[in-house]
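Visitor: Please find one structure pasted underneath; my questions will follow.
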Amino acid sequence: EDLMQHRNQRPLRTLSGGETFVVSLSMALGLSDLAAHRRKLESLFLDEGFGALDDETLYRVISALRRLEANGKTVGIISHVKRLADEIHTQIRVERDPGGVSRIIVVP
């Protein structure tokens with residue numbers, strides 16, 4: 001509801017990448033809310049899509065995700081967007097060493 005303002009109807013194929021991501025995110029949040037009425041749903045994981053958002057929309061998405069966290073939900077985000085990473089307090093990073101071996105680093 002907060003993520004997209006009411007707009008004129010138009011065909012789905014005309015949506016930009018950012019608009020498609022916001023629609024998908026809105027649907028996922030709505031479905032998780034519906035599912036929570038029957039079961040306890042505490043976690044949500046989002047994979048990429050943030051790079052297609054303009055600054056204003058990214059801010060609105062981050063605000064919506066923070067509200068979920070404030071309501072006791074765990075939100076896992078997979079992204080390469082630096083601004084988003086700057087907004088997330090606890091991070092799990094996967095870094096590759098020069099030898100090609102990856103390691104996991106938890107940043108509290």
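Visitor: In nanometres, what is the gap between the two model label sites at residue 70 and residue 47, each 7 Å from Cα along Cα-to-Cβ?
Guide: Inter-label distance under the simple model: 3.0 nm.
Visitor: Between residue 77 and residues 5 or more places away or on another chain, which pairs have amide H atoms under 5 Å apart, with H built 1.01 Å from N, and which residues are they?
Guide: It is 46, by chain and number.
Visitor: Could you work out how far apart the two model spin labels at residue 26 and residue 12 are, taking each label as a point 7 Å from the Cα in the direction of the beta carbon, and quote it in nm?
Guide: 1.4
Visitor: Suppose accessible area is computed on protein heavy atoms with a 1.4 Å probe; arrange 23, 94 from highest to lowest.
Guide: The ordering from most to least exposed comes out as 94, 23.
Visitor: Using the Kirkwood formula over every pair of different C-alpha atoms, what hydrodynamic radius in Å results for the stretch 42-108?
Guide: That comes to 13.2 Å for the stretch 42-108.
Visitor: Going from most exposed to least, what order do 90, 57 have by accessible area with a 1.4 Å probe?
Guide: From most accessible down to least: 90, 57.
Visitor: Then there's this: Could you put 50, 45 in order of accessible surface area, largest first, with the 1.4 Å probe and the full protein assembly present?
Guide: 45, 50
The values are calculated or read from the model by the stated rules, or taken from the named source; none is laboratory data. Values in this document were obtained by computation on a predicted structure and should not be read as measured data. Counting neighbours? That spans all protein chains shown, and the Cβs are built from the backbone with ideal geometry, glycine included. Keep in mind that these areas ignore ligands, DNA and RNA; they rest on the heavy atoms of the full protein, side chains included. Shrake-Rupley method; radii C 1.70, N 1.55, O 1.52, S 1.80 Å.
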